[in-house]
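Throughout, read-outs are computed from the coordinates displayed, never taken from laboratory work. Values in this document were obtained by computation on a predicted structure and should not be read as measured data. Counting neighbours? That spans all protein chains shown, and the Cβs are built from the backbone with ideal geometry, glycine included.
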Amino acid sequence: MIKRRRDPLADVESLVRDVYAYVAYRVPNHADAEEITSAVFERAVRYRKRYDASKGSPIAWMIGIARTQIAEQQSRRPHGELELTEIVDRADLETRTVERISLHDAVRALDDRSRELIGLRYGIGLSTREIAQEMCLEENAVNVALHRARERLRAIMTTSASIETPGGLRRGSTV
Amino acid sequence: MGRNVEDEIGHELRESRPIPTDEYIASVAGSVRGPHRVRGAGRRLAVAAVLSAIALVALAATGGMSQASSAPQSVSKIVKTAFKSKPAKAQKLNTVSNSAAQDQYGDKEKCNSGRGNLSEGDDSKLKNPHEGATGPGDPPTVDCDPGNSGDKNRGGD
C-alpha cells in the first residue's frame, strides 16, 4: 500500500482548537488540558512523517495521540476523575453557598467513556459515524451512548439545581 | 423528550466548547512551524550538494580529477617511506670515503706530540712519539743529545 504524503499539521490553528476542546472535556482542569495538548503537538511534530492520509484524517490521527497522552497522564494521577460532591464542595468551600455547577463541571463528573464521547461529538464536532469509526463501534451504539451521557448530564445538573434552590428552576430548562 | 434533551444540552455543549487562548494557540503553532526552518536548511544543503557535483564535473573535464586522485597515492608513498626507514639510518650523514683529501693523510695512528702528558687521561689510543719510527729519519740516539740531558756530560769534551 502506497503511503500518501500530506502534512497533517498544515492547518495547525484549527487543530489546536479541536484537540484542546477534546482534551478539556476529558481532563479535570484547563492547566492539564493545555499541558496535554502541548504534549500531543510535540509528539505529532516528531512523528509527522509517519502520518498516512489513507488511514484517516489529521484530526483522527491527533485524537489517537491525545488518547495516549491522556492515558499516560491518568496513570500518573489516578485521582483525576472528580466526584460530583467534590466539585460542589470545592466550589463552595469559602462562602458555604452552594452554587449551581457549570456544564463543564457536570461533564467532569461523567465516566471516562461518556466524557470521550462528549469530547468527540461536541468538542471536536465529529459526526456519530466518524465517532463510530474512531471508537470501533456501531453507529447505533454511539447514538445510544451519547443519549445516555446527555441524560446523565441532565440528571447531574438537576441534582445541583435542587441543592441550590429546592423546587427552583433547573439548569437548561426553558422558562 | 430524548430529542429535547439532545437539543438543550447538545446545543449548550456546542456553545460552551472549551476554547484555548489566542496566546496558547500562537505558542503551539509556533512550536509546530519551527521545524520548517530545518526543512529550509535541507534545501540549502541540497543546493550545496548540487554545486559540489558541478565542481566535480568541471574538474573531471579538465583533468583535475586524475591529479587529485594521484595526490593521495604520493602522500601514502611518503608516509610508507617515513615509517619503513630506520631513524638511525635516516639521520646518517652522507660522507665521501675515498676522497683526495683523505688520501693525502692516509689512515694513520694519532700521535700525542704536543698534546699533553701521556700519563693524563685515556692514553690507550695515543702513541708515544719517542717509541719507534714516527717520522722520517732514525729514532733519537744518545749521540744526538745536544745538551745536558743526564748526569753525564756526553758532549765532545
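General observations
- Residue order, fewest to most beta carbons within 10 Å, for A:115, A:26: A:115, A:26
- This ranking places A:104, B:11 by how few other beta-carbon atoms lie within 10 Å of each, fewest first, which gives B:11, A:104.
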